[in-house]
Amino acid sequence: MINNDVLRSIRYMLDLSDSKVVDTVHLADPGFNIDPAQVHDFLHKDDDPLFETCPDTVLARFLDGLILQRRGRDDSQPARPPEKRITNNIVLKKLRVAFELKDVDMHAIFAGTGFPVSKPELSALFRQPEHKNYRECGDQLLRNFLKGLTQRVRGAI
């Protein structure tokens with residue numbers, strides 16, 4: 001899925017302003033250079049002349065900041081470096097951590113969108129890529145998860 005779509009979905013889900021998105025990025029990396037105007041350009045539609053592609057580094061820091069914002073910082077653990085490449089599986093993992101979702105919650109979210117996922121399929125999404133049972137998270141799966149999580153957060157579920 002395109003990083004811009006993920007950012008757009010999460011921003012809508014949590015009703016965040018451009019400056020709140022910047023604040024969330026700065027939670028993960030206070031020295032990272034980003035401003036509300038850049039975020040606004042990331043949120044334009046693909047065919048808009050002001051559209052700017054959201055780099056993996058921005059989305060990774062935003063998701064890390066979201067985890068810190070919702071769960072707090074664990075000072076006993078060293079800060080993890082942000083991922084250089086973001087995949088749908090990483091987005092799914094980070095959202096699961098940020099919203100403190102258990103397997104039951106994940107199944108309910110997928111079922112709520114009419115896209116049920118079995119237990120083995122779900123666990124395969126969270127395995128290491130080298131594992132023989134690893135499964136890549138497709139765009140449709142992530143879109144349905146974001147839709148279901150939005151319904152849950154906004155109170156429709």
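See the values below:
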| quantity | calculated |
| --- | --- |
| Computed [θ] at 222 nm, deg cm²/dmol, the chain (DSSP H ≥ 4; -39,500 (n - 2.57); rounded to nearest 500) | -17000 deg cm²/dmol |
| Given charges at beta-carbon only (K, R positive; D, E negative), |dipole| of the chain in Debye | 700 debye |
| Solvent-accessible area, 1.4 Å probe, carbon plus sulfur percent, for region 17-157 | 50 percent |
| Residues Ala37 and Asn133, FRET efficiency given R0 of 41 Å [Cβ-Cβ distance, rounded to 0.05] | 0.40 |
| Charge dipole (region 5-157, unit charges on Cβ, about Cα centre) - positive-most of Leu14, Leu43, Val25 | Leu14 |
| Furthest towards positive pole of dipole, Cys54, Val91, Leu101, structure part the chain, Cβ charges | Leu101 |
| Reported label for calculated P(r) over Cα pairs in 10 Å bins from 0, in percent given [x] 10, 36, 33, 19, 3, 0; [y] 10, 39, 36, 14, 1; [z] 13, 46, 35, 7, 0 | [y] |
| Fully extended contour minus Cα-Cα distance, from Ser118 to Arg73, at 0.36 nm per residue | 13.0 nm |
| List Tyr134, Tyr12, ordered by accessible area with a 1.4 Å probe, largest first | Tyr12, Tyr134 |
| Net lengthening on full extension, Gln140/His26 (0.36 nm per residue, minus Cα-Cα) | 38.1 nm |
| Filter on Lys45/Lys93; Lys20/Lys45; Lys20/Lys119 - keep pairs with C-alpha separation over 32 Å | Lys20/Lys119 |
| Tilt relative to the chain, helix 103-112 - C-alpha long axis, 0 to 90 degrees, to 10 | 80 degrees |
| Net length gained if the chain between Phe51 and Asp105 were fully extended (0.36 nm per residue, minus Cα distance) | 16.0 nm |
| Gap separating the Cα centres of region 121-157 and region 33-95, nearest whole Å | 17 Å |
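The values are calculated or read from the model by the stated rules, or taken from the named source; none is laboratory data. None of the values given here were measured: they were computed from a predicted structure. Ideal geometry is used to build each Cβ from the backbone, glycine not excepted, and the neighbour counts take in all protein chains shown. Remember, those area values only see protein heavy atoms, side chains included, never the ligands or the DNA or RNA. Shrake-Rupley method; radii C 1.70, N 1.55, O 1.52, S 1.80 Å.
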